[in-house]
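J.: The structure's right below; bear with me while I get my questions together.
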Amino acid sequence: MRVSPTTYTPRNPPNLELPILNLRNVRVGVNAEQQLVEAVYGVTLAVRLGETVGVVGESGSGKTLTCLAAARLLPSGTRLLGGEILFEGLDVYEYGRHDLRSWHGKGVGFVFQDPSTALDPLFTIGSQIRETLRAHGASRAASRASALHLLEEVGLSESRKVAESFPHQLSGGMKQRAAIAMALAPNPKLLIADEPTTALDATSQASVLQMLDRVRQERGLSVVLVTHDVAAAISHVDRLVVMYNGRVIEEGTPVQVLQAPGHPYTEALLRCAGLANDEFVQRMVSIPGAMPPLGEDYEQCMFAARCPYVDPLCLAGRPPPEETRTGWAVCRKTARKRDRSWH
């Protein structure tokens, strides 16, 4: 039974028996060529208190759309078709306007891929963070001091100078840190970071991810890290969720997934990053073919056309989740020895 709260108040202490975020059979549709097609199919995943969950996959695999649905930030032209999204046991799609505004900030913070979409070019960094703090109840004086502290917390040591700067006066890495500071300002319990390092150079990427690790530990945050960089995810998450064509196809701990991927697609992602745990580790490869068209419904393994291990069993019907040493994977050959290699 769904429960509709009259106002959002973060639980203190939280209910440790519940995941802080729980997606149950979530389906999302998008308008494409004047018709609604399903782009996220029955995604189920949970984020526990204090853990970082990495969501990985190619562009178009449904990572961002799933997380936008989880934060109730779906853009125009998309909508939730089914399932439940529970935050601390309550359905976020039953919040009213006032409750939702409070929850966006105190419940969940969202870091977008491009900080330019989160930062207003007409206002200074400090004024934008102060506005966020005041929208969630801070006084003018408190918000001014807190804004500087937040900038220092995310690694911007010249906090006063940064606070007085406009977005265009900062580097990409500094803008992303400022956007993270703004997301952290209302002290959320869950932070969703959607490809937070895609536009950054390698050095800045590592620095921002290390900063997120530190902030998570200091604040006791739960974090969802969305990325197509499987190497970054493995180094910074507690649990790995692999998505393909709008579905979750594997889940497990990063070390175990690295040592023994249960799904050929996960293995392919590792090989693309030069992380495959075998004699071919020195040779990076690309994944042949392309992801199926949006809305395509398969009665067989949807990865079969791109998989070097495919056999008649794979084409006999949709594979069920199979237990692996890492957790589980949607592949009929998970428990069987694979006898081919990527080329």
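J.: Going highest first, how would you order 171-180, 74-83 by mean Cβ packing within 10 Å?
T.: On the way: 171-180: 22.8, 74-83: 13.3.
Result, highest mean first: 171-180, 74-83.
J.: Okay, next question. With the Cα gyration tensor of the chain in hand, convert its eigenvalues to equivalent ellipsoid semi-axes via √(5λ) and list them largest first in whole Å. Please list the in-between numbers first.
T.: Working: eigenvalues 262, 110, 65 Å².
For the chain, the ellipsoid semi-axes come out as 36, 23, 18 Å.
J.: Sticking with this one: Provide 228, 236 ordered by accessible surface of protein heavy atoms (probe 1.4 Å), highest first. Display every interim value, and only then the final one.
T.: Values: 228 100, 236 35 Å².
Most to least solvent-accessible, the answer reads 228, 236.
J.: Give the lysines reachable from residue 161 as a straight Cα distance under 25 Å; neighbours fewer than 8 places away on the same chain don't count.
T.: Straight-line reach from residue 161, under 25 Å: 175.
J.: Using 0.36 nm times the number of residues separating residue 318 and residue 117, minus their current alpha carbon distance, what extension gain do you get?
T.: Working: separation 201, 0.36 × 201 = 72.36 nm, distance 3.91 nm.
Stretched fully, the residue 318-residue 117 segment lengthens by 68.4 nm.
J.: Counting only heavy atoms of protein chains, what accessible area per residue, in Å², does the stretch 57-121 have with a probe of 1.4 Å?
T.: 42
J.: Can I ask one more? In nm, give the distance between the simple-model label positions of residue 187 and residue 93, each being 7 Å from the Cα along the Cα-to-Cβ direction.
T.: My value for the distance between the label points is 3.2 nm.
J.: Determine the per residue accessible area of the stretch 186-298 with all protein chains present and a 1.4 angstrom probe, expressed in square angstrom. Let's see the in-between values first.
T.: Working: 4410 Å² over 113 residues.
Per-residue value: 39 Å².
J.: For the stretch 101-194, what is the Kirkwood hydrodynamic radius in Å, using each pair of distinct C-alpha atoms? List each step's numbers first, then the result.
T.: Numbers: mean 1/r = 0.0779 Å⁻¹.
Hydrodynamic radius (Kirkwood, Cα pairs) of the stretch 101-194 is 12.8 Å.
J.: Please list 134, 214 from largest to smallest accessible area, probe radius 1.4 Å, with all protein chains kept in place. Each step should come with its number before you reach the end.
T.: Details: 134 110, 214 85 Å².
Order by accessible area, largest first: 134, 214.
J.: Determine the share of the chain's accessible area contributed by carbon and sulfur atoms, expressed in whole percent, with a 1.4 angstrom probe. If you can, show how the numbers build up before the last one.
T.: On the way: 8280 of 16230 Å².
The computed percentage sits at 51.
J.: Where a ≥ b ≥ c are the square roots of the eigenvalues of the C-alpha gyration tensor, would you call the stretch 61-124 rounded, which needs a/c under 1.5, or, failing that, prolate if a/b is larger than b/c, or oblate? Mind showing how you got there, number by number?
T.: Details: a/c = 2.10, a/b = 1.37, b/c = 1.54.
The shape class here is oblate.
J.: Sticking with this structure for a sec: Could you tally the net charge around residue 228, taking each other residue with its Cβ under 10 Å from the Cβ of residue 228, Lys/Arg +1 and Asp/Glu -1?
T.: Working: positive: 63; negative: 58, 195, 229.
Summing Lys and Arg as +1 and Asp and Glu as -1 gives -2.
The values are calculated or read from the model by the stated rules, or taken from the named source; none is laboratory data. Quantities reported herein were computed from a predicted structural model and do not represent experimental measurements. Every residue, glycine among them, receives a Cβ derived from its backbone with ideal geometry; neighbour counts consider all protein chains shown. The accessibility values were calculated without ligands, DNA or RNA, using every heavy atom of the protein model including side chains. Shrake-Rupley method; radii C 1.70, N 1.55, O 1.52, S 1.80 Å.
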